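*Asks:* Right, I'll just put the structure down here and ask away after.
Computed from the coordinates by the stated procedures, all read-outs in this text should not be read as laboratory data. Keep in mind it's a predicted model, so treat the numbers as computed, not measured. All Cβ positions, even for glycine, are placed from backbone atoms using ideal geometry, and neighbour counts span all protein chains on display.
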Amino acid sequence: MSKITLITLEHRAVTLACSSFALLLIACGGGADEQRAPPQAQTAVGATVPQQAGPPDPASAGGPDDADSLAAASPEAAQLSDVAPQAFALAGYAAAPDGDEQAHAAAGAALYVSPQGHDDNPGSATRPFRTLARAARAVAPGVTVYVAPGTYSGGIKTTASGRAGARIAWVSSTRWGARIVRPARSASKNAWDNRGDYVDIVGFDIDGGTHRGGTRWTSGIYNGGSHDTIRSNHVHHIAQEAACNSAGGAAIGVDGYYRGVQSHVIANLVHDIGPAGCRFVQGIYVSTTGSVKNNVVYRVAEAGIHLWHDAREVVVSNNTVTGSNTGIVVGGGDFYHTSGPNDRTAVYNNIVYDNKMGISEQGRTGRNNSYRNNLVYKNSTYDFRLKNGLTHSGTVSSAPLFAGDTSAALPDFSLSASSPAIGRATPQHAAATDFNGRPRNVFSGFDIGAYQH
């Protein structure tokens, strides 16, 4: 993978620099702005086979789980509650492009969480909270919650909403440094259940690899709110021990069951999801409007990216999907609040390689979906299966020629200098930056897939 620019902030600059979350939105990869492309369909993502046909368990944990409660209550935790602000310096995120107006947003309020904190603290940089659950009870519109590197128990439920001009942001100060794991006695099937609107979840490592007891996780990040962004997270080893049934599961789910709309899944790494051969567990699952951009997805039981239920007007662009049963499913069915179809969905600039099936339309789909400039190759059953007489254009049908070892536990799917994906994408619907926050260059050409070479 290309190297990631590290940002190290001096002690006196931490609060100011960390509180401008608009900067971080650019820094995390997959910038929020289109490349001045003509405005088109809004976006959404979903599933293949009816999955998650109902809401997640309403009893999802809202307070501290047992592991965090013990840590918060212990005298040792209280003695360690003074924390150096350098623990919250942003690291692992690329710098914002010069001249980007979003980098100059006004500073906002902040709360802080650290493994060395205590839940009786005020949540300041020097006296942070210990648990995400405690921060969830204190957060308000316009507040960014900075989470220091360390291990935190999952089963989190966040319900507070921001506003259009005062978003709530949850940020791992080091990209993938704040690691969320299963608690000793899990009470929820979700690692993180967010129901708030105008919320950003950025840079966390969601690790479902070790089950310790209680309810098994079938979902990494479940999002039922509106206008939310799930960005630059590492979500892996989810639902691998789950029963294979129509209740389904997903690494990242953007759901319309609670009437959530217009949420976005940007520049996440998703892999090792679901039990082998189970068609009900997906990588990224969208059942409403929104977008899925710059994600790297591999080794998923069913679809790497799956649109279902009320999905429509979804932009699926510049993702790299491989090693799964199906690459991308564009479908509609088992509707929540509409009668479908999934229409005006745009699937542009994706690498869909070495899956059993490539890009597939299923269920009720419309005549206005579009498929452009994708690299689709070596999907053993078929590369495309579209409905309603639709065709695809600008397709590259050759091996992507990745730069690194794709058989490793953490493969390298960046592009080699000879990749046919270089310069073959369209700027339309492409994000300003790639998976690692590297700018996509309109002069040298946009590349297909999650990485710009």
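*Asks:* Do me a favour and compute the ellipsoid semi-axes for region 354-416 from its Cα gyration tensor, root of five times each eigenvalue, largest one first, whole Å.
*Replies:* Square roots of five times the eigenvalues give 27, 13, 10 Å.
*Asks:* Using a Debye calculation, one point per C-alpha and no hydration shell, please list log10 I(q)/I(0) for region 288-365 at q = 0.15, 0.18, 0.19, 0.26 Å⁻¹ in order.
*Replies:* -0.45, -0.65, -0.71, -1.17
*Asks:* Could you sort the peptides 261-270, 411-420, 169-178 by per-residue average Cβ neighbour count (10 Å cutoff), highest mean leading?
*Replies:* The packing order, highest mean first, is 261-270, 169-178, 411-420.
*Asks:* At what distance in nm do the modelled label points of Ala243 and Phe443 sit from each other, each positioned 7 Å from its Cα along Cα→Cβ?
*Replies:* Reported label-point gap for Ala243 and Phe443 is 6.0 nm.
*Asks:* Another question about this same structure. For every other residue with a beta carbon closer than 12 angstrom to the beta carbon of Gly366, add +1 if it is Lys or Arg and -1 if Asp or Glu, then tell me the sum.
*Replies:* Every neighbour counted, the sum reads +2.
*Asks:* For Ala166 and Thr126, compute 0.36 nm times the residue count separating them, minus their Cα-Cα distance, and round to one decimal in nm.
*Replies:* Extending this stretch completely gives an extra 12.0 nm.
*Asks:* Hey, another quick one. Take Thr151 and Asp405, extend 7 Å from each Cα along the Cα→Cβ direction, and tell me the distance between the two endpoints in nm.
*Replies:* Those two pseudo-labels are separated by 2.6 nm.
*Asks:* Give me the extension gain from Thr381 to Thr210: residue separation times 0.36 nm, minus the current Cα-Cα distance, reported in nm with one decimal.
*Replies:* Result: 58.2 nm gained on full extension.
*Asks:* Take peptides 397-404, 386-393, 131-138 and line them up by average Cβ neighbours within 10 Å, highest first, as a rough protection proxy.
*Replies:* Descending packing order for the listed peptides: 131-138, 397-404, 386-393.
*Asks:* In addition: Would you tally the net charge around Asp447, using a Cβ to Cβ cut-off of less than 9 Å, leaving Asp447 out, and scoring K and R as +1, D and E as -1?
*Replies:* With Lys, Arg at +1 and Asp, Glu at -1, the net is +1.
*Asks:* Go through 315-328, 205-218, 272-285 and give me the packing order, highest mean Cβ count within 10 Å leading.
*Replies:* Final packing ranking: 315-328, 272-285, 205-218.
*Asks:* Between Leu390 and Asp412, what is 0.36 nm times their sequence separation minus the Cα-Cα distance? Round to one decimal in nm.
*Replies:* Gain on extension, Leu390 to Asp412, equals 4.6 nm.
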